[in-house]
1. For residue B:83, state whether it is touching a residue at least 12 places away in the same chain (Cβ under 8 Å) and either near DNA strand D (Cβ under 8 Å from one of its atoms) or under 30 Å from residue B:200 (Cβ atoms) (or both).
2. Which residues, taken from segment B:1-13, are touching a residue at least 40 places away in the same chain (Cβ under 8 Å) and either within 12 Å of DNA strand D (Cβ to nearest atom) or of a type in the set (Lys, Arg) (or both)?
3. Taking the criterion of being out of contact with any Gly (no Cβ under 6 Å at 6 or more places or on another chain) and within 28 Å of residue A:181 (Cβ to Cβ), would at least one residue in segment A:38-50 satisfy it?
4. Among the residues of segment A:14-31, how many are surrounded by 12 or more Cβ atoms within 10 Å (Cβ to Cβ) and within 14 Å of DNA strand D (Cβ to nearest atom)?
5. Only residues that are farther than 14 Å from residue B:134 by Cβ and open to solvent by 60 Å² or more (accessible area, probe 1.4 Å): list them for segment B:78-91, please.
6. Inspect segment A:106-120 for any residue being under 24 Å from residue A:185 (Cβ atoms) and in contact with a helix residue (DSSP H, G or I) (Cβ under 9 Å, 6 or more places away or on another chain) and give the result as yes or no.
7. With respect to residue B:66, determine if the residue is modelled with pLDDT of 95 or more, more than 12 Å from DNA strand C (Cβ to nearest atom) and away from every other protein chain (no Cβ under 14 Å).
Number of protein chains: 2
Amino acid sequence: MARPRKFDREDVLNRMKLAFWENGFNDISMDDVGRITNMNRGSIYNAFGDKRALYLEVLEVYGDQHYGAAVKLIQHSQNTSSAVRDLYDAAFKSMEEGRTHWGCFMCNAAVEVAPVDTEVANLVTKYLTTLSTAFLNSLEESDQLTSQNDSPAMKYSKNPQNLAEQLTASYVGFNIMARTGVATASLQRISDSAVESVTS
Amino acid sequence: MARPRKFDREDVLNRMKLAFWENGFNDISMDDVGRITNMNRGSIYNAFGDKRALYLEVLEVYGDQHYGAAVKLIQHSQNTSSAVRDLYDAAFKSMEEGRTHWGCFMCNAAVEVAPVDTEVANLVTKYLTTLSTAFLNSLEESDQLTSQNDSPAMKYSKNPQNLAEQLTASYVGFNIMARTGVATASLQRISDSAVESVTS
DNA sequence: CTGCATATTGACTGAACGGTCAAAAACAAG
DNA sequence: CTTGTTTTTGACCGTTCAGTCAATATGCAG
(Lines give C-alpha, C1' and ligand atoms only; values in the text may rest on other atoms or scores of the structure.)
Protein backbone atom coordinates (compact mmCIF):
# COMPACT_ATOMS: atom_id res chain seq x y z
CA MET A 1 0.00 0.00 0.00
CA ALA A 2 2.52 2.59 1.14
CA ARG A 3 6.21 3.00 0.64
CA PRO A 4 8.04 0.89 3.22
CA ARG A 5 10.44 2.41 5.70
CA LYS A 6 14.10 2.04 4.95
CA PHE A 7 15.29 2.24 8.55
CA ASP A 8 14.92 0.06 11.61
CA ARG A 9 13.27 2.11 14.33
CA GLU A 10 14.87 0.23 17.20
CA ASP A 11 18.32 0.54 15.66
CA VAL A 12 17.87 4.27 15.16
CA LEU A 13 16.78 4.75 18.76
CA ASN A 14 19.76 2.79 20.03
CA ARG A 15 22.18 4.79 17.90
CA MET A 16 20.68 8.02 19.16
CA LYS A 17 20.81 6.72 22.71
CA LEU A 18 24.57 6.49 22.47
CA ALA A 19 24.86 9.90 20.80
CA PHE A 20 22.66 11.80 23.27
CA TRP A 21 24.15 9.90 26.18
CA GLU A 22 27.68 10.89 25.25
CA ASN A 23 27.07 14.42 23.99
CA GLY A 24 23.86 15.60 25.60
CA PHE A 25 20.89 17.26 23.92
CA ASN A 26 22.38 20.57 22.85
CA ASP A 27 25.61 19.27 21.36
CA ILE A 28 23.82 16.97 18.93
CA SER A 29 22.45 18.86 15.92
CA MET A 30 19.81 17.58 13.56
CA ASP A 31 22.57 17.27 10.98
CA ASP A 32 24.35 14.97 13.42
CA VAL A 33 21.17 12.96 13.83
CA GLY A 34 20.99 12.56 10.08
CA ARG A 35 24.57 11.40 9.85
CA ILE A 36 24.25 9.01 12.78
CA THR A 37 21.01 7.41 11.61
CA ASN A 38 21.63 7.59 7.85
CA MET A 39 18.31 9.34 7.50
CA ASN A 40 17.34 12.55 5.78
CA ARG A 41 15.95 15.47 7.70
CA GLY A 42 12.41 15.04 6.46
CA SER A 43 12.34 11.36 7.29
CA ILE A 44 13.47 12.03 10.84
CA TYR A 45 10.77 14.62 11.41
CA ASN A 46 8.21 12.38 9.74
CA ALA A 47 9.11 9.43 11.93
CA PHE A 48 9.87 10.99 15.30
CA GLY A 49 8.43 14.49 15.38
CA ASP A 50 10.88 17.17 16.44
CA LYS A 51 14.22 16.96 18.21
CA ARG A 52 12.70 17.12 21.68
CA ALA A 53 10.28 14.27 20.96
CA LEU A 54 13.14 12.15 19.65
CA TYR A 55 15.19 12.87 22.75
CA LEU A 56 12.31 11.99 25.02
CA GLU A 57 11.70 8.70 23.27
CA VAL A 58 15.40 7.87 23.36
CA LEU A 59 15.66 8.73 27.04
CA GLU A 60 12.77 6.39 27.79
CA VAL A 61 14.51 3.63 25.85
CA TYR A 62 17.61 4.21 27.97
CA GLY A 63 15.55 4.16 31.15
CA ASP A 64 13.80 0.93 30.29
CA GLN A 65 17.03 -0.74 29.27
CA HIS A 66 19.48 0.44 31.90
CA TYR A 67 17.33 1.09 34.93
CA GLY A 68 15.27 -1.96 34.09
CA ALA A 69 18.45 -4.01 34.09
CA ALA A 70 19.62 -2.41 37.33
CA VAL A 71 16.36 -3.21 39.09
CA LYS A 72 16.45 -6.82 37.91
CA LEU A 73 20.06 -7.08 39.01
CA ILE A 74 19.14 -5.86 42.48
CA GLN A 75 16.16 -8.22 42.68
CA HIS A 76 18.25 -11.24 41.73
CA SER A 77 21.03 -10.52 44.21
CA GLN A 78 21.18 -12.50 47.41
CA ASN A 79 21.34 -9.43 49.61
CA THR A 80 21.66 -5.66 49.36
CA SER A 81 25.39 -5.73 49.80
CA SER A 82 26.02 -7.87 46.75
CA ALA A 83 23.30 -5.98 44.89
CA VAL A 84 25.18 -2.72 45.31
CA ARG A 85 28.44 -4.38 44.39
CA ASP A 86 26.93 -5.85 41.24
CA LEU A 87 25.45 -2.50 40.27
CA TYR A 88 28.76 -0.68 40.52
CA ASP A 89 30.60 -3.53 38.82
CA ALA A 90 28.26 -3.09 35.89
CA ALA A 91 29.01 0.63 35.84
CA PHE A 92 32.75 0.00 35.83
CA LYS A 93 32.38 -2.57 33.09
CA SER A 94 30.49 -0.04 30.97
CA MET A 95 33.33 2.43 31.43
CA GLU A 96 35.91 -0.12 30.37
CA GLU A 97 33.92 -0.71 27.21
CA GLY A 98 34.72 2.78 25.96
CA ARG A 99 32.14 4.86 27.81
CA THR A 100 34.65 6.15 30.34
CA HIS A 101 33.35 9.67 30.72
CA TRP A 102 29.73 9.23 29.72
CA GLY A 103 28.25 8.91 33.20
CA CYS A 104 24.56 8.01 33.27
CA PHE A 105 22.26 9.32 30.55
CA MET A 106 19.44 9.79 33.05
CA CYS A 107 21.63 11.82 35.41
CA ASN A 108 22.95 13.92 32.55
CA ALA A 109 19.40 14.64 31.46
CA ALA A 110 18.59 15.61 35.02
CA VAL A 111 21.09 18.45 34.85
CA GLU A 112 20.90 19.57 31.26
CA VAL A 113 17.27 19.17 30.25
CA ALA A 114 15.04 18.46 33.25
CA PRO A 115 15.16 22.05 34.55
CA VAL A 116 13.60 23.35 31.32
CA ASP A 117 11.36 20.40 30.43
CA THR A 118 8.90 19.06 32.95
CA GLU A 119 8.25 15.94 30.91
CA VAL A 120 11.93 15.04 31.04
CA ALA A 121 11.98 15.88 34.74
CA ASN A 122 9.09 13.50 35.34
CA LEU A 123 10.82 10.76 33.39
CA VAL A 124 14.05 11.17 35.34
CA THR A 125 12.23 11.21 38.66
CA LYS A 126 10.31 8.09 37.66
CA TYR A 127 13.39 6.02 36.90
CA LEU A 128 15.31 7.26 39.93
CA THR A 129 12.32 6.27 42.03
CA THR A 130 12.30 2.75 40.60
CA LEU A 131 15.93 2.46 41.65
CA SER A 132 15.23 3.68 45.19
CA THR A 133 12.30 1.29 45.42
CA ALA A 134 14.43 -1.64 44.31
CA PHE A 135 16.98 -0.76 46.99
CA LEU A 136 14.25 -0.49 49.60
CA ASN A 137 12.77 -3.86 48.70
CA SER A 138 16.20 -5.43 48.86
CA LEU A 139 16.90 -3.88 52.27
CA GLU A 140 13.60 -5.03 53.71
CA GLU A 141 14.15 -8.51 52.37
CA SER A 142 17.61 -8.63 53.92
CA ASP A 143 16.18 -7.41 57.20
CA GLN A 144 13.61 -10.16 57.18
CA LEU A 145 16.29 -12.78 56.67
CA THR A 146 18.34 -11.30 59.45
CA SER A 147 15.51 -11.44 61.95
CA GLN A 148 14.73 -15.04 60.98
CA ASN A 149 18.26 -15.88 62.04
CA ASP A 150 17.47 -14.45 65.45
CA SER A 151 20.17 -11.82 65.05
CA PRO A 152 19.44 -9.02 67.48
CA ALA A 153 20.94 -6.22 65.37
CA MET A 154 18.51 -5.48 62.57
CA LYS A 155 20.89 -3.12 60.90
CA TYR A 156 18.66 -1.38 58.34
CA SER A 157 15.20 -1.61 59.79
CA LYS A 158 15.60 1.70 61.56
CA ASN A 159 15.59 3.84 58.43
CA PRO A 160 15.50 1.61 55.38
CA GLN A 161 13.86 4.27 53.25
CA ASN A 162 16.52 6.83 54.11
CA LEU A 163 19.24 4.36 53.28
CA ALA A 164 17.58 3.34 50.03
CA GLU A 165 17.42 6.91 48.79
CA GLN A 166 20.95 7.50 50.02
CA LEU A 167 22.12 4.64 47.82
CA THR A 168 20.40 6.28 44.88
CA ALA A 169 21.98 9.65 45.59
CA SER A 170 25.41 8.03 45.87
CA TYR A 171 24.88 6.25 42.59
CA VAL A 172 23.90 9.52 40.90
CA GLY A 173 26.89 11.34 42.37
CA PHE A 174 29.18 8.52 41.33
CA ASN A 175 28.01 8.85 37.73
CA ILE A 176 28.38 12.61 37.67
CA MET A 177 31.91 12.32 38.98
CA ALA A 178 32.66 9.65 36.41
CA ARG A 179 31.51 11.99 33.66
CA THR A 180 33.68 14.78 35.03
CA GLY A 181 36.73 12.58 34.81
CA VAL A 182 37.41 11.98 38.50
CA ALA A 183 40.17 9.38 38.96
CA THR A 184 39.13 5.73 38.82
CA ALA A 185 40.66 5.16 42.23
CA SER A 186 38.25 7.68 43.75
CA LEU A 187 35.32 6.09 41.96
CA GLN A 188 36.41 2.73 43.29
CA ARG A 189 36.48 4.08 46.84
CA ILE A 190 32.98 5.50 46.43
CA SER A 191 31.80 2.15 45.17
CA ASP A 192 33.47 0.31 48.05
CA SER A 193 32.01 2.68 50.59
CA ALA A 194 28.53 2.21 49.18
CA VAL A 195 28.90 -1.53 49.56
CA GLU A 196 30.22 -1.08 53.12
CA SER A 197 27.23 1.06 54.02
CA VAL A 198 24.95 -1.95 53.55
CA THR A 199 27.29 -4.60 54.92
CA SER A 200 26.70 -5.79 58.44
CA MET B 1 45.43 58.30 31.51
CA ALA B 2 42.77 56.05 30.06
CA ARG B 3 39.00 56.03 30.21
CA PRO B 4 37.82 54.43 33.47
CA ARG B 5 35.59 51.38 33.53
CA LYS B 6 31.92 51.92 34.11
CA PHE B 7 31.20 48.53 35.66
CA ASP B 8 32.22 46.80 38.84
CA ARG B 9 34.02 43.60 37.95
CA GLU B 10 33.04 41.74 41.10
CA ASP B 11 29.40 42.68 40.71
CA VAL B 12 29.39 41.50 37.09
CA LEU B 13 30.94 38.17 38.05
CA ASN B 14 28.39 37.65 40.80
CA ARG B 15 25.49 38.43 38.49
CA MET B 16 26.83 36.01 35.91
CA LYS B 17 27.37 33.41 38.61
CA LEU B 18 23.65 33.38 39.30
CA ALA B 19 22.78 33.32 35.59
CA PHE B 20 25.11 30.47 34.62
CA TRP B 21 24.27 28.58 37.79
CA GLU B 22 20.56 28.64 37.06
CA ASN B 23 20.63 28.26 33.29
CA GLY B 24 23.90 26.59 32.42
CA PHE B 25 26.41 27.61 29.77
CA ASN B 26 24.45 26.97 26.58
CA ASP B 27 21.18 28.58 27.62
CA ILE B 28 22.80 31.93 28.35
CA SER B 29 23.49 33.91 25.18
CA MET B 30 25.88 36.83 24.91
CA ASP B 31 22.78 39.00 24.51
CA ASP B 32 21.65 37.69 27.87
CA VAL B 33 25.04 38.51 29.33
CA GLY B 34 24.70 42.04 28.05
CA ARG B 35 21.26 42.44 29.55
CA ILE B 36 22.27 40.93 32.89
CA THR B 37 25.44 42.97 33.29
CA ASN B 38 24.25 46.19 31.63
CA MET B 39 27.28 46.04 29.40
CA ASN B 40 27.64 46.22 25.65
CA ARG B 41 28.99 43.35 23.66
CA GLY B 42 32.32 44.95 22.92
CA SER B 43 32.90 45.85 26.56
CA ILE B 44 32.26 42.30 27.64
CA TYR B 45 34.72 40.88 25.15
CA ASN B 46 37.21 43.59 26.02
CA ALA B 47 36.97 42.87 29.73
CA PHE B 48 36.57 39.10 29.92
CA GLY B 49 37.64 37.62 26.59
CA ASP B 50 35.12 35.23 25.08
CA LYS B 51 32.14 33.44 26.55
CA ARG B 52 34.13 30.42 27.66
CA ALA B 53 36.70 32.56 29.51
CA LEU B 54 33.90 34.42 31.28
CA TYR B 55 32.28 31.13 32.28
CA LEU B 56 35.55 29.76 33.60
CA GLU B 57 36.20 32.85 35.68
CA VAL B 58 32.66 32.80 37.03
CA LEU B 59 32.88 29.12 37.88
CA GLU B 60 36.05 29.76 39.84
CA VAL B 61 34.32 32.55 41.74
CA TYR B 62 31.54 30.14 42.62
CA GLY B 63 34.04 27.51 43.70
CA ASP B 64 35.95 29.88 45.94
CA GLN B 65 32.79 31.24 47.48
CA HIS B 66 30.63 28.15 47.95
CA TYR B 67 33.16 25.35 48.34
CA GLY B 68 35.35 27.65 50.38
CA ALA B 69 32.41 28.28 52.69
CA ALA B 70 31.60 24.58 52.82
CA VAL B 71 35.14 23.67 53.79
CA LYS B 72 35.22 26.32 56.51
CA LEU B 73 31.87 25.13 57.77
CA ILE B 74 33.17 21.57 58.04
CA GLN B 75 36.36 22.73 59.78
CA HIS B 76 34.44 24.73 62.36
CA SER B 77 32.00 21.94 63.21
CA GLN B 78 32.54 19.98 66.40
CA ASN B 79 32.42 16.63 64.63
CA THR B 80 31.71 15.14 61.22
CA SER B 81 28.11 14.43 62.03
CA SER B 82 27.24 18.03 62.71
CA ALA B 83 29.46 19.10 59.81
CA VAL B 84 27.36 17.10 57.39
CA ARG B 85 24.16 18.34 58.97
CA ASP B 86 25.31 21.94 58.68
CA LEU B 87 26.30 21.44 55.06
CA TYR B 88 22.91 20.09 54.06
CA ASP B 89 21.12 22.70 56.14
CA ALA B 90 22.93 25.34 54.12
CA ALA B 91 21.82 23.64 50.92
CA PHE B 92 18.19 23.58 52.04
CA LYS B 93 18.40 27.20 53.09
CA SER B 94 19.70 28.14 49.65
CA MET B 95 16.73 26.36 48.10
CA GLU B 96 14.29 28.19 50.28
CA GLU B 97 15.83 31.46 49.14
CA GLY B 98 14.52 30.94 45.62
CA ARG B 99 17.14 28.62 44.19
CA THR B 100 14.93 25.56 44.51
CA HIS B 101 15.93 23.76 41.33
CA TRP B 102 19.38 25.19 40.76
CA GLY B 103 21.39 22.39 42.30
CA CYS B 104 25.12 23.07 42.59
CA PHE B 105 26.84 25.12 39.88
CA MET B 106 29.96 22.95 40.10
CA CYS B 107 27.94 19.75 39.65
CA ASN B 108 26.03 21.24 36.75
CA ALA B 109 29.29 22.22 35.11
CA ALA B 110 30.53 18.69 35.63
CA VAL B 111 27.75 17.35 33.44
CA GLU B 112 27.29 20.07 30.86
CA VAL B 113 30.75 21.47 30.23
CA ALA B 114 33.47 19.33 31.80
CA PRO B 115 33.19 16.54 29.19
CA VAL B 116 34.11 18.98 26.40
CA ASP B 117 36.46 21.30 28.29
CA THR B 118 39.41 19.89 30.19
CA GLU B 119 40.03 23.14 32.01
CA VAL B 120 36.51 23.09 33.43
CA ALA B 121 36.95 19.42 34.27
CA ASN B 122 40.11 20.21 36.20
CA LEU B 123 38.39 23.01 38.06
CA VAL B 124 35.46 20.81 39.04
CA THR B 125 37.74 18.00 40.15
CA LYS B 126 39.79 20.45 42.20
CA TYR B 127 36.85 21.77 44.20
CA LEU B 128 35.29 18.33 44.69
CA THR B 129 38.64 17.19 46.01
CA THR B 130 38.79 20.04 48.52
CA LEU B 131 35.40 18.91 49.79
CA SER B 132 36.52 15.27 50.13
CA THR B 133 39.66 16.41 51.90
CA ALA B 134 37.68 18.50 54.36
CA PHE B 135 35.48 15.49 55.12
CA LEU B 136 38.54 13.31 55.58
CA ASN B 137 40.19 15.76 57.98
CA SER B 138 36.98 15.98 59.96
CA LEU B 139 36.66 12.22 60.17
CA GLU B 140 40.22 11.73 61.32
CA GLU B 141 39.81 14.44 63.92
CA SER B 142 36.63 12.80 65.19
CA ASP B 143 38.41 9.46 65.32
CA GLN B 144 41.19 10.94 67.37
CA LEU B 145 38.75 12.33 69.88
CA THR B 146 36.99 8.99 70.06
CA SER B 147 40.18 7.10 70.83
CA GLN B 148 41.11 9.66 73.48
CA ASN B 149 37.87 8.75 75.21
CA ASP B 150 39.04 5.13 75.24
CA SER B 151 36.06 4.06 73.17
CA PRO B 152 36.84 0.70 71.62
CA ALA B 153 34.81 1.19 68.45
CA MET B 154 36.70 3.63 66.26
CA LYS B 155 33.91 3.80 63.75
CA TYR B 156 35.59 5.51 60.80
CA SER B 157 39.22 4.62 61.16
CA LYS B 158 38.79 1.55 59.00
CA ASN B 159 38.15 3.39 55.76
CA PRO B 160 37.98 7.12 56.40
CA GLN B 161 39.04 7.97 52.88
CA ASN B 162 36.32 5.80 51.38
CA LEU B 163 33.74 7.39 53.62
CA ALA B 164 34.97 10.90 52.88
CA GLU B 165 34.60 10.42 49.14
CA GLN B 166 31.27 8.73 49.69
CA LEU B 167 30.05 11.85 51.46
CA THR B 168 31.13 13.91 48.47
CA ALA B 169 29.36 11.61 46.02
CA SER B 170 26.19 11.77 48.11
CA TYR B 171 26.38 15.54 48.19
CA VAL B 172 26.77 15.66 44.42
CA GLY B 173 23.87 13.25 43.90
CA PHE B 174 21.74 15.24 46.29
CA ASN B 175 22.31 18.40 44.27
CA ILE B 176 21.60 16.72 40.95
CA MET B 177 18.34 15.36 42.31
CA ALA B 178 17.45 18.77 43.70
CA ARG B 179 17.96 20.28 40.25
CA THR B 180 15.76 17.62 38.70
CA GLY B 181 12.95 18.50 41.04
CA VAL B 182 12.88 15.43 43.25
CA ALA B 183 10.48 15.91 46.17
CA THR B 184 11.82 17.77 49.19
CA ALA B 185 10.88 14.83 51.42
CA SER B 186 13.24 12.59 49.47
CA LEU B 187 16.00 15.17 49.65
CA GLN B 188 15.47 15.38 53.38
CA ARG B 189 15.81 11.61 53.71
CA ILE B 190 19.05 11.67 51.75
CA SER B 191 20.34 14.41 54.02
CA ASP B 192 19.31 12.51 57.14
CA SER B 193 20.91 9.34 55.90
CA ALA B 194 24.18 11.14 55.18
CA VAL B 195 24.22 12.42 58.74
CA GLU B 196 23.42 8.95 60.05
CA SER B 197 26.30 7.46 58.10
CA VAL B 198 28.74 9.45 60.23
CA THR B 199 26.90 9.20 63.55
CA SER B 200 28.12 6.64 66.02
C1' DC C 1 43.92 73.09 25.90
C1' DT C 2 46.17 69.05 23.62
C1' DG C 3 47.39 64.39 23.08
C1' DC C 4 47.09 59.73 24.38
C1' DA C 5 45.38 55.46 26.11
C1' DT C 6 41.66 52.84 27.12
C1' DA C 7 36.52 51.90 27.43
C1' DT C 8 32.07 52.13 25.32
C1' DT C 9 28.81 51.68 21.70
C1' DG C 10 25.97 49.17 18.53
C1' DA C 11 25.76 47.82 13.98
C1' DC C 12 27.53 44.08 11.41
C1' DT C 13 29.12 39.21 9.87
C1' DG C 14 29.23 34.53 8.80
C1' DA C 15 28.04 30.26 10.52
C1' DA C 16 25.05 27.01 12.63
C1' DC C 17 20.78 25.90 14.15
C1' DG C 18 15.83 23.61 14.16
C1' DG C 19 12.29 23.07 11.29
C1' DT C 20 9.46 23.10 6.61
C1' DC C 21 7.98 21.70 2.17
C1' DA C 22 7.06 20.27 -2.52
C1' DA C 23 8.52 16.95 -5.54
C1' DA C 24 9.98 12.35 -6.45
C1' DA C 25 10.08 7.49 -5.28
C1' DA C 26 8.50 2.97 -3.75
C1' DC C 27 5.51 -0.18 -2.64
C1' DA C 28 0.57 -2.85 -2.72
C1' DA C 29 -4.10 -3.26 -4.25
C1' DG C 30 -7.38 -3.35 -8.01
C1' DC D 1 -0.71 -0.27 -15.93
C1' DT D 2 -3.15 2.82 -12.78
C1' DT D 3 -4.19 4.59 -8.38
C1' DG D 4 -3.49 5.64 -3.60
C1' DT D 5 -0.72 6.00 0.43
C1' DT D 6 3.34 6.74 2.80
C1' DT D 7 8.41 7.58 2.81
C1' DT D 8 12.31 9.71 1.04
C1' DT D 9 14.96 13.47 -0.60
C1' DG D 10 17.48 17.71 -0.19
C1' DA D 11 16.95 22.36 -1.02
C1' DC D 12 15.27 26.08 1.52
C1' DC D 13 13.79 29.45 5.43
C1' DG D 14 13.95 32.46 9.27
C1' DT D 15 16.20 32.79 13.60
C1' DT D 16 19.72 32.89 16.76
C1' DC D 17 24.25 32.63 17.93
C1' DA D 18 29.29 34.02 19.23
C1' DG D 19 32.38 37.09 17.90
C1' DT D 20 34.33 41.52 15.29
C1' DC D 21 35.21 46.27 14.42
C1' DA D 22 35.43 51.15 13.42
C1' DA D 23 33.70 55.16 15.38
C1' DT D 24 33.07 57.67 19.51
C1' DA D 25 33.48 58.94 24.32
C1' DT D 26 36.01 59.67 28.59
C1' DG D 27 39.33 60.24 31.50
C1' DC D 28 44.45 61.90 32.84
C1' DA D 29 49.12 63.70 32.07
C1' DG D 30 51.77 67.39 30.37
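1. Criteria met by residue B:83.
2. B:5
3. The answer is no, given that none of the residues of segment A:38-50 is out of contact with any Gly (no Cβ under 6 Å at 6 or more places or on another chain) and within 28 Å of residue A:181 (Cβ to Cβ).
4. Counting residues in segment A:14-31 that are surrounded by 12 or more Cβ atoms within 10 Å (Cβ to Cβ) and within 14 Å of DNA strand D (Cβ to nearest atom) gives 3.
5. B:78, B:85, B:89
6. Yes; the residues of segment A:106-120 include at least one that is under 24 Å from residue A:185 (Cβ atoms) and in contact with a helix residue (DSSP H, G or I) (Cβ under 9 Å, 6 or more places away or on another chain).
7. yes
Let's see how each residue does on (1) farther than 24 Å from residue B:197 by Cβ; (2) part of a helix (DSSP H, G or I):
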{"residue": "B:102", "(1), (2)": "yes, no"}
{"residue": "B:106", "(1), (2)": "no, yes"}
{"residue": "B:111", "(1), (2)": "yes, yes"}
{"residue": "B:126", "(1), (2)": "yes, yes"}
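The values are calculated or read from the model by the stated rules, or taken from the named source; none is laboratory data. Values in this document were obtained by computation on a predicted structure and should not be read as measured data. As a convention, Cβ positions derive from the backbone with ideal geometry for all residues, glycine included, and neighbour counts pool all protein chains shown. Ligands, DNA and RNA are stripped out before the accessible areas are found, and what is left, the full protein with its side chains, is counted by its heavy atoms. Shrake-Rupley method; radii C 1.70, N 1.55, O 1.52, S 1.80 Å.
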